[in-house]
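Presented below is the structure to which this report refers.
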Amino acid sequence: MSVLIDKFDVFAGGFWLTLQICVLAAVGALILGAVLAVLRISPVPPLRAVGTGYVNVFRNMPLTVVMFFAAFGLPALGSNADFLRIPVLDSLFSRLGTDLPYFRFALVALVLYTAAFVCEALRSGVNAVPAGQAEAARSLGLTFGQNLRYVVLPQSWKASIVPLGSVIIAMIKNSALVGFFGVVGDLSQTADQLTSAEGYAFVPVAIGISIGYLIMTVPLGALLDRIEKRQAVAR
Amino acid sequence: MSQQSVLYDVPGPRQRRLTLIGSAVATVLLLVGAYFLIYRPLNDKGQFSMELWGPLVDPSNENFSLVWDRIGTGFQNTLTAAALAIVSSLVVGTLLAVLRIQLKSLTRRRFTGLATPLSYLLRGLSTLLSAVTRVCVEVFRGLPVVITIFFVARGFPEFGVSFDTLWYLVIGLTIYNSVVIAEILRSGMEGLPGGQAEAAAAIGLSPLQTTRMILLPQAFRIMLPALISQLVVVLKDTSLGFIISYEETLNIGKQIIGVLDNPIQVYVVIAVMFIVVNYALSKLAQYVQRRLSRGRKTAGTPAQDPPPAALMSQSESTGQGI
Amino acid sequence: GGDDADEGTGAGSKSFAAGSTMERLNKAQAIKIGTKFDQPGFGQKGLSGKPEGFDVEVAKIIVKELGIPEDKIEWIEAPSKVREDVIVNGTVDLVAATYTINDKRKERIAFAGPYYEAGQNIMVKKDDTSITGPDSFKDGTKKVCSVTGSTPAEEIKKYVKDVATQLVLFDTYDKCRDALKGGQVDAVTTDNVILLGYIAKDEASFKLAGENFTKEPYGIGVKKEDTDFRTFINDTLEKAYADGSWKKAWDDTAGKFGAELGSAPTVNRY
Amino acid sequence: MTTGEPLIVLDSVNKWFGPLHVLDDVSLSVGRGEVVVVIGPSGSGKSTLCRAINRLEPISSGTITFDGQPLPAEGKALAKLRSEVGMVFQSFNLFAHKTILENVTLGPVKVRKEKPAAARERGLALLDRVGIANQADKFPAQLSGGQQQRVAIARALAMQPKAMLFDEPTSALDPEMVGEVLDVMTSLASEGMTMVVVTHEMGFARHAANRVIFMADGQLVEDAPPAEFFANPRSERARDFLSKILTH
Amino acid sequence: MTTGEPLIVLDSVNKWFGPLHVLDDVSLSVGRGEVVVVIGPSGSGKSTLCRAINRLEPISSGTITFDGQPLPAEGKALAKLRSEVGMVFQSFNLFAHKTILENVTLGPVKVRKEKPAAARERGLALLDRVGIANQADKFPAQLSGGQQQRVAIARALAMQPKAMLFDEPTSALDPEMVGEVLDVMTSLASEGMTMVVVTHEMGFARHAANRVIFMADGQLVEDAPPAEFFANPRSERARDFLSKILTH
Ligand SMILES: Nc1ncnc2c1ncn2[C@@H]1O[C@H](COP(=O)(O)OP(=O)(O)OP(=O)(O)O)[C@@H](O)[C@H]1O
Ligand SMILES: Nc1ncnc2c1ncn2[C@@H]1O[C@H](COP(=O)(O)OP(=O)(O)OP(=O)(O)O)[C@@H](O)[C@H]1O
Ligand SMILES: [Mg+2]
Ligand SMILES: [Mg+2]
C-alpha cells in the first residue's frame, strides 16, 4: 500500500492530466456536437445528411481507430494540430502548447468521437419536447428558427442534461485510452508505468487508479441520477 | 423522424429550389476543400500508391490473400469475444437487475410475521446486500473498460488464476457490460407504466413473480434496441484487446502494418469494416424499435415518448463505448 | 535446418533427470514460448501468422534440444511489460524476447544466457546533426520516443529535462518510427538492433546518432527457482555457439540488417 | 340486494401523502352484494380510497377489514387478499406482452395453482361472458379500449373475487365504447357482486348503485341512495359538483 | 349568424397517410361567422380535417381556400395565414416554460411584431375575458386543465384570427372543467367568430352550432343543422354512432 503514499504525486499528476484533457475535450465536444445537432434537425436535407453521416461514422468506429487517425493520420495530412495552441488556453493547460503534439492529437480524437454522441444527446432532448409544443408554435405562425429559439430549445436543454452527462461520463472513461497513444502521465498510463516498468505491486496501484477515475465519474453519475429523479417527478 | 417534420413544414417549391442550389454549392466547396486539404497532402506523401494499397485491395497482389486471411482470423476473434461477452453480460446483467429490484422491494418489507430480532436481522441484511450491489454497480460503471480489462488481465494471475487472453477480455467486458445491461433492464422495468406491476399485484402475484412474468419480459422488449446498441459498444470495445495482446482485428492489423508499413491504409480498411457492421447493427436496432412501437407488445411505450429512464440508459449505452 | 528437424524428437527421445522441467516438457511434447510479435529481426509475426526472428530461432534451438518438434511450439505474445508476469504465472515455459538481463528482473525470474549483447542507441532522421547522443536531450528541447514499460524508456529518463514535454511513449516501436518520420518527435531510442532493423528498411530516412550508451545483454527468461532448466539452456547455448547454429540463426534473421553479431558472449551461470 | 352483513369495513381511515391529507377520517361499510358508487371532484381521494381497500396503497392510520379480517401487511397473506378483491383500472393495465387469454388465465394458474387446461376453459367462458371470446389469441394492443377494459374485468373475475373495485373504468374510453363496458358492469351488479365503483357516469350510478358516496378533499361528505342523492344533495359541495357535471 | 360569404372552402380534398385514405374527397364550405361542429368515430379523420385547414398537415390533392386565397405553401405567407387561423388542441399545448401571459403575447410580439407593452395589455384583456387574468404570471403546469385550455383559447385569440379551429378541446378535461371551457367557446360563437369545432359534446353542438358535420372513414357523411341531425340522422352510420354516444 505504501506506493499510494510514496507515489502520491504521480497519482495526483495523472489525475490532474486526465482531468485537464477531460475538461478540454468536453468543451470541444459540446461545441462540435451542438453544431452537428443543429445540422441534424435542420430542414435542409443535405445538411441533415452531413450531420447523419458524421454521427454514423464516428459512432460506429472504435475510439482506438479514431485515436490512431488523429495521432498518425493528421501528421500525414501535414498537421500537428497546431490550431489548438490557443493563446490564453495554452498557458492554463500547458500541454496544449508544447511542441509534443500528442496531447493535442488525443484531444482531437476525443472531441471528434464524443461530438457524435453529444449530437445524439442533444437531439434526444429535442425529441423529448412534446410534439404538440412545436405544432402549437407553428400554428401561431412562428418560423423554424423562431420555433427553435423561443419554444423548442428552451425546453429541450433540460431533457438533454441527463443524456449529455452520461456522454461526458463515458468520455472521461474513454480518455483512459490517451495513455496508449503517446500522452505520457495520465491516469491510465500511470497505472501501466507503475506496474510494468517500476514493478510496484499491482493491487494498490489498481486501487489508486480506480479511485482517480471514480472521483470523476461517480459524483457526476450521482448528480445525474438526482437530476433525473427530479425531472421524473416534475413530469 | 416524425419529430423532425413537427419542427418545420413540408418545404414548398421555393424552399426546395433554394435547397438544391445551396447543396450544389456546398458540394463543390466540400470537394475543393477535400482536394486541397486531404487529397493533395496525402498524395504528396504517396499515400495513394498501389504499393501501400495493393495488399489490401488488389487480388493479384502476392500478399492479398495472406493479408485477408489474417484480417479474417482477427475479425473472427473479434466476433468470438464480442459474442461471448454479450451472452455472459446478458445472463449476469439479467440476474443483477432482478436481484436489485428484488432487494429494493425486500428492503421495504417489515417481516412482521417473524420474531422481532429476526425481522431486524433480515431487514439489516437486505439493506446491506442492496447497498453492496449498489456500490459494485457504481464502481464498475464508473471505471473505464480499458482499465477493467487491464486489471482483470493483470489481477487474476496475481491471485494465481490464469486463462487465455480471450477470457480476460471476455471477463473484463462482461464485468462492465453486465452492469450496464442490468441498469438498462432495471430502468426498463421501472420505466414501465406503474399499472403493470399494480395489476399484477392486484391479481395476487408475488413481487418475484411480478418481476419475472410481467416486468422482465416487457423490459426486454422495450430495451431490445438499447441492448442491440450495447452490442455495438461491445464490438467496439473488443478492440481494447490490444492492450492484453488478444489477437482481434486491430491487433492483427498492427502486425500486418509491422510487415507492410501501410498503417493508414490498414486502419482505413478496418474502420470501414467496423462502421459497416456496427451501422448494420444500429439499423437493426432502429428497425426493432419501429416494429415494437407498431406492434406495441409492451405497455405504453409509444415510439416518441420512451420513459425518461429508458432514454437515459439508451443514450448512455451508446455513449459508453470506446 | 529443414531436413533434420525431426531428428531426435518425440516423447522420451532424450533422457532428462526425473522431475526436471526438461523431462516434463519432453514428455508433454509441447512448449509455450513467449516472444515479441512486433520486433523486426527478433520476433515479428508476419503475414504467415508465425513469428520470425533471432529470438525465435534461438528458442527453436533450445526446443530442438528438448526433443520437441518445432510445430509443437505455442508462441505467445510477450510484450515488454508482461514478460516477468507470464513467467511467474506459468503462462509460458520460457521467454525469448529481446530480454535484457538486469538485477531488478532477477528478483522475480532467472536468466539463462546472454545469447546476444545489444546496447541502447538513438535513431534520428538522416539529415539531423543536432543529436549526437543521450546528452543532447538535456537542454530540454529535443523530443524522444520509446515504448511504455521498457528499459530504454526508463534509461532515457535520466537524460531528458522534462518528461512531460520531451518523452512520448507508445505501445510499439512502429508508432515511434512513424512519429519520427512525421516530425512529431526528434528521436527514437531503444536497443541498437531494433533501430538497425528500421534503418535497414528505410536507409534514406534514418540513421543512428552516436554509439551505444548502455550494454543490453539479452537472456532467456525462466522461472526463478528452476536452476536445472537454466543450466540446460546455458549448455544448449554454448553448444550452439560451438556448432555454428547460433551464427546461422543470426545470419538468417537480424544479421540481414547489418548489425554486428560479434563473438559469442560468455553465458553467465549465477 | 344488500344482505346487511358487511364485507368491507373502513374505520377512521387516514392517509397522508407527505403533507397532503388525502383520506381524512373515512369510515365506510360495504355489505355483501352491495354496489357503491364513489363520486367527487378530481383529487378528492376517490382513487386512493379504492386502492387502499386492496392495499395497493398502505394507509397511515385507521383500520380496514375485509371479510372479517384486517388487511394483512405483506407476503402470502396479502397476495391472497388481493386475489380475493378484483380491481379494474382506468387505464386497463392489461399485460401487454401476453394474449388476451393469457391475461385472464395468468392469475388462476400462477396464484391459485389451477390446472392450465381448466383455467383456460374458465377463461374462455369469462371472455365469452364479456363478449370477446373471439379475440382470445390477440394481444391487448390489437383491441379497442372498450374491449380491453372488458378483458380487464374478465381477468379480475377469473380470480373468483369476493368483491370488485373499479377506478374510473370508462374515463379513458372513446365515448362510443363507454356503453359496452357499463353494460358488463351493470350485469355484474345485477348478479349480486359486491362492487365499489369510482365513476363519473351518472347514468350507471342511477340505475345500478345501491348507494352513492360523495367525496371532497379526502372526506366522505355524503352517503345516500342514488335517487335521494341526485334529487336532493344535502351538502353545498355536492350540489355544486352536480351542477357542474350535469349541465352540458 | 351566417353571412353567406364563405371564409373557408375545401374542394375535393384528399389526404393519404401512406396507404391510409384519411380524407376522402371532402368538400366543405364554412361561411363567415358560421360555427361548424364536426363529429364522428375515432380515426374518421376529424383531426386531420382540422389540421389541414391551417396546413399543419399538407393535403395530397384538392384545394383549400381561406378568405378567397388558396393556402400558401411556405414562407411568410403561410405564417400570415396561420396567424389568421387560431387553433386550439386537445392537449392545450401551452408553452411549458413560459408564463401564462408570455404564452399569450409570444405570437403577437414575434409574429405580428407588436410592441411588447401593447401586446401585454391586450393579452391581459384577453385573459380577463376567459376569466383567468389573476393567473397571468403563473406557469401552465400550475393551472388546472380547464384553465389551461382557456389560456390556449386566449393565446389563439391574441393573434386576432379570422377563424378558430378546435380539436376536441374538452376531451382531456376532468368532467367538472368541461363546462368552463364550453362557456368561453359559446360566448365566442355568439360574438360571430367563425369556428370549426371537433367535439363529442352534444350539448354544445345543439346550442351553439349552425351546422353539424358527421364524418366516417375519411368521408363527410352528413352535413345538417344540429336540430335536424340529432332528431333525424339520415345515414345508418350516424344513427348508429349517435345511439352509442347518447344512451348512457
Ligand atoms: N403517490 C402519490 N404521492 C403523492 N400524492 C399523491 C399520490 N397519489 C395521489 N396523490 C394525491 O392525492 C390526492 C388524491 O388523489 P386521488 O387520485 O385519490 O384523487 P381522485 O379523487 O381519484 O382524483 P381523480 O378524479 O383525478 O382521479 C391528489 O391531490 C393527488 O395529487
Ligand atoms: N401522422 C400520421 N401518420 C400516419 N397516420 C396518421 C397520422 N395522423 C393520423 N393518422 C391516421 O389517420 C386516421 C385519421 O386520424 P384523425 O386523427 O384525423 O382521426 P380522428 O377522427 O381525429 O380520431 P380521434 O377521435 O381518435 O382523434 C387515423 O387512422 C390515424 O391513425
Ligand atoms: Mg382517480
Ligand atoms: Mg382527433
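Rule-based calculations on the coordinates, nothing more; no lab input. All of these numbers come straight from a predicted model, not from anything done at the bench. Note: ideal-geometry Cβ built from the backbone for every residue, glycine included; neighbour counts use all protein chains shown.
Give the dimensionless ratio obtained when the Cα radius of gyration of the stretch D:119-226 is divided by 2.2 N^0.38 Å. Working shown, then result.
Numbers: Rg = 14.8 Å, N = 108, 2.2 N^0.38 = 13.0 Å.
Compared with the compact-globule rule of thumb, the stretch D:119-226 sits at 1.13.
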Helix-only [θ] at 222 nm, the protein assembly as shown, -39500 (n - 2.57) per DSSP H run of 4+, per residue, nearest 500, equals -16500 deg cm²/dmol
So for the protein assembly as shown: antiparallel DSSP bridges make up what percent, rounded to the nearest 5?
55
If each of D:Ala118 and C:Asn212 carries a label point 7 Å out from its Cα toward its Cβ, how far apart are those two points in nm?
9.1
About the Cα centre of the stretch A:124-235, what is the dipole size in debye to 20, counting +1 per Lys and Arg Cβ and -1 per Asp and Glu Cβ, all else neutral?
660
Would you list B:Tyr8, B:Tyr246, C:Tyr99 from fewest to most Cβ contacts within 10 Å?
B:Tyr8, B:Tyr246, C:Tyr99
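From the P(r) of the stretch B:64-294, could you give the percentage of C-alpha pairs in the tail past 33 Å?
Details: 8545 of 26565 pairs.
Summing the P(r) of the stretch B:64-294 above 33 Å gives 32 percent of all pairs.
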Quick one: Karplus J couplings for the stretch B:149-166, per residue in order, coefficients 6.51, -1.76, 1.60, θ = phi - 60°, nearest Hz, x for Gly and Pro?
4, 4, 4, 4, 5, 8, x, 4, x, 3, 9, x, 10, 10, 10, 5, 4, 3
Averaged across orientations, what area in nm² does the convex hull of the alpha carbons in chain C project?
14.1
Compute the distance from the alpha-carbon center of the stretch B:114-179 to that of the stretch D:115-143, in whole Å.
45
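Quote to one decimal, in nm, the extra length available between B:Val57 and B:Phe163 on full extension: 0.36 nm per residue of separation minus the C-alpha distance between them.
On the way: separation 106, 0.36 × 106 = 38.16 nm, distance 3.67 nm.
Answer, rounded to one decimal: 34.5 nm.
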Label-point separation, E:Ser27 to D:Ser235 (7 Å along Cα→Cβ), nm:
5.8
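Where does the stretch A:21-184 land on the Kirkwood hydrodynamic radius, alpha-carbon pairs, in angstrom?
Numbers: mean 1/r = 0.0588 Å⁻¹.
Value: 17.0 Å, from the Cα pair sum.
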With a bin width of 10 angstrom, please list the P(r) values of the protein assembly as shown as percents of all Cα-Cα pairs, from the 0 bin to the one holding the largest distance.
1, 8, 14, 17, 16, 13, 11, 9, 6, 4, 2, 0, 0
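So which trypsin sites (Lys or Arg not before Pro) in the stretch D:101-151 pass both tests, a DSSP loop state and at most 11 other Cβ atoms within 10 Å of the Cβ? Each step should come with its number before you reach the end.
Values: sites: D:Lys110, D:Arg112, D:Lys113, D:Arg120, D:Arg122, D:Arg129, D:Lys138, D:Arg150; in loops: D:Arg112, D:Lys113, D:Lys138.
Listed in order of number, the matching sites are D:Lys113.
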If you place +1 on the Cβ of every Lys and Arg, -1 on the Cβ of every Asp and Glu, and leave all else neutral, what size is the dipole of chain E about its Cα centre, to the nearest 20 Debye?
820
Round to the nearest 0.05 the FRET efficiency obtained for C:Ala204 and D:Ala141 when R0 = 60 Å and r is the Cβ-Cβ distance.
0.25
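How much of the calculated P(r) for the stretch A:16-102 lies past 21 Å, in percent of all Cα pairs? Provide the component values of the computation, followed by the final result.
Numbers: 1684 of 3741 pairs.
In whole percent, the long-distance tail amounts to 45.
Based on other C-beta atoms within 10 Å, arrange B:Phe242, B:Phe36, D:Phe89, D:Phe230 from fewest to most. Please list the in-between numbers first.
Values: B:Phe242 22, B:Phe36 10, D:Phe89 25, D:Phe230 16.
Going from sparsest to densest Cβ surroundings: B:Phe36, D:Phe230, B:Phe242, D:Phe89.
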Among the trypsin sites (Lys or Arg not before Pro) in the stretch B:93-161, which ones are in a DSSP loop with at most 14 other Cβ atoms within 10 Å of the Cβ? Mind listing them?
B:Arg110
HN-Hα J in Hz across the stretch B:187-203 - Karplus 6.51, -1.76, 1.60, θ = phi - 60°, x for Gly and Pro:
5, x, 5, 6, x, 5, x, x, x, 5, 5, 5, 4, 5, 4, 5, 9
By count of other Cβ within 10 Å, fewest leading, how are B:Tyr267, B:Tyr287, C:Tyr173 ordered?
B:Tyr287, B:Tyr267, C:Tyr173
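Given C-alpha coordinates of the stretch E:24-145, what is the ratio Rg to Rh with the Kirkwood estimate of Rh? Let's see the in-between values first.
On the way: Rg = 16.8 Å, Rh = 16.8 Å.
So for the stretch E:24-145, dividing Rg by the Kirkwood Rh gives 1.00.
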List the extent of the Cα atoms of chain E along each of their three principal axes, largest first, rounded to whole Å.
53, 43, 37
Quick check: Cα centre of the stretch E:65-82 to Cα centre of the stretch C:53-67, how many Å?
87
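What does the charge dipole of the protein assembly as shown about its Cα centre add up to, to the nearest 20 debye, if the Cβ of each Lys and Arg holds +1 and the Cβ of each Asp and Glu holds -1?
On the way: 132 positive and 131 negative charges, 480 e Å.
Once rounded to the nearest 20, the dipole reads 2300 debye.
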Where both partners of a DSSP beta bridge lie in the stretch E:142-244, what percent of those bridges are antiparallel, to the nearest 5?
50
Amide H partners (placed H, <5 Å) of C:Ile76, local residues excluded:
C:Ile33, C:Gly34, C:Thr35
Could you tell me which residue out of A:Ser79, A:Ala159, A:Ser94 lies farthest along the dipole of the stretch A:21-184 toward its positive end? Charges go on the beta carbon: Lys and Arg +1, Asp and Glu -1, centred on the Cα centre.
A:Ala159
With the dipole of the protein assembly as shown worked out from charges on the C-beta (+1 for Lys and Arg, -1 for Asp and Glu) around the Cα centre, which of C:Tyr159, D:Val36, E:Val88 lies farthest toward the positive end?
D:Val36
For the stretch A:198-207, 3J(HN,Hα) per residue [Karplus equation, 6.51 cos²θ - 1.76 cosθ + 1.60, θ = phi - 60°, Hz, x = Gly/Pro]
9, x, 6, 4, 6, 4, x, 4, 4, 5
